[in-house]
1. Expected output is a single nm value to one decimal: the length gained when fully extending between A:Asp206 and A:Asp67, i.e. 0.36 nm times separation in residues minus the C-alpha distance. What is it?
2. Using r as the Cβ-Cβ distance of A:Ala179 and A:Ala44, and R0 as 41 Å, what FRET efficiency do you calculate, to the nearest 0.05?
3. Would you mind checking which residues have amide H under 5 Å from A:Leu185's amide H? H placed 1.01 Å from N; only 5 or more apart, or other chain.
4. So, counting K/R as plus one and D/E as minus one, what does the shell of residues with Cβ under 15 Å around A:Ala34 add up to?
5. What Kirkwood Rh does segment A:179-254 have if only Cα atoms enter the pairwise 1/r average? Answer in Å.
6. Greater than 29 Å separation of Cα atoms is the criterion. Which listed pairs, A:Lys207/B:Lys132; A:Lys9/A:Lys176; A:Lys162/B:Lys132, meet it?
7. Hey, any idea what the orientation-averaged projected area of the convex hull of segment A:1-87's Cα atoms comes to, in nm²?
8. With labels modelled as points extended 7 Å from the Cα through the Cβ direction, what inter-label distance (nm, one decimal) is found for B:Arg32 paired with A:Arg51?
Amino acid sequence: MSTAFDCDKVPLVQAELDGELDAAAAAALAAHRADCPVCRAATAELARARRLVADARESGLYHRMPDDFRRRLTAQINLARGQDPSLPRQPQRGGWAASWSGRWRGGAIGFGLGAACAAALAFLVVVPRGPDITGQIIAGHIRALQPGHLEDVASSDQHTVKPWFDGRIDFAPPVKDLAADRFPLKGGRLDYIGGRPVAALVYQRDKHLIDLYVWPEAGDSTAPPESAAQHGYNIVHWVAGGMALWAVSDVEAGQLREFVEDWRRSP
Amino acid sequence: MLPHLNAAYNLARWLMRDSTAAEDVVQEAVLRALTYFAGFRGVNPRAWLLQIVRNAAYSSRQLDRGAQFVPIGEAGEDGAMPADQLASEADDPEAALIRRRGERQVRELIAALPVELREPLVLRELEELSYKEIADITGTPIGTVMSRLYRARRLLAQEAAASEAR
């Protein structure tokens, strides 16, 4: 049996299905696949194999440890630990999630100041800038809506999403969960905007998804948010805490503004 | 270690394909793990325990000797195999058809994979580990993990398609 791949991009097809491909590589693969029948066939075949296993997974494919064996084994473990007091009796639990939340609260104080008058802010029209950042934001958002591209890390827990970016990008994006404001956090991913890797946070409003792009950018934090509409998508941009933030979604403009106000108000 | 006993058993059970042999392997691995735990400095206790389970399984004389399956990926060319051998010929056609479909068929197909393909598939699909974690546990390069995973999935998809066509 041959072990060679029929096209050298096939490993990427599989990596994409396994969630091991970042958004930029996924976009390059999508372009390649349009011209490569081998990769299209591999996509279908791998997806089929994954579905077979996923469908069977819930019904007995996973072998849980039988209860009687677990009881015997646990007794043995306890016996071995009793003989050697240097062994830990409790599974150790990391404390870094708690320390993250402490650090994060400190960093968020700056936002609170600007948010005090957020409700009264007028939304200006986005000034065109650079090599069409708004176009890239919308393209990134649309690409992300294709199946399997939305989140690299899927979690509603900001203390899971925020540390996920550690080591993947060179800044720590502010991550907030707005579930209380009916904009629950869905996860995050890496994206590529304006020639640099950026953080994209994913929020949900009913059936609609909101992408919030974040990257470091010096700017006027006191300036009111700017909004725009293009190709049926609404965009709101503002600067806070040394970060440029771009919210994009197909929700109606009023709801996106509500999202931005809630986000700026949230600690 | 206690939170990862299911993972340890699942891997051992799939590698050994026999519940008694799997229990022996897990017991051996857990006792080894207890001995080494004081020296454990990693951040991923599940992957660490699975690596010990894996090594215990591979040093067992009973590795892969469990329930005999027609190995797929070894018979015929390019992975083509007589999958009908998996189903007993005594079955009536309708029952055999139902049996071939669904989870039982998938379980048998996975069990029939050669152990070096079965291992990464179980770690990826059932334990949902990353390529890097699977490479660490199995002591193989990531590229090898990816190509084995690919072969395993191709065989699964092809066998399932072949049995549906029958």
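No lab work stands behind these numbers, since they all come straight from the coordinates. Here the structure is a predicted model, which means the values were calculated and not measured. So basically every Cβ, Gly included, is an ideal-geometry build from the backbone, and we count neighbours across all protein chains shown.
1. Length difference between fully extended and current span is 45.9 nm.
2. Working: r = 37 Å, r/R0 = 0.90.
Once the sixth-power term is evaluated, E becomes 0.65.
3. It is A:Leu178, A:Ala179, by chain and number.
4. Taking every other residue near A:Ala34 into account, the sum is +2.
5. Details: mean 1/r = 0.0764 Å⁻¹.
Evaluated over segment A:179-254, this radius sits at 13.1 Å.
6. Working: A:Lys207/B:Lys132 34 Å; A:Lys9/A:Lys176 37 Å; A:Lys162/B:Lys132 21 Å.
Cα-Cα > 29 Å for A:Lys207/B:Lys132; A:Lys9/A:Lys176; rest within.
7. 10.7 nm²
8. In this crude label model, B:Arg32 to A:Arg51 measures out at 4.0 nm.
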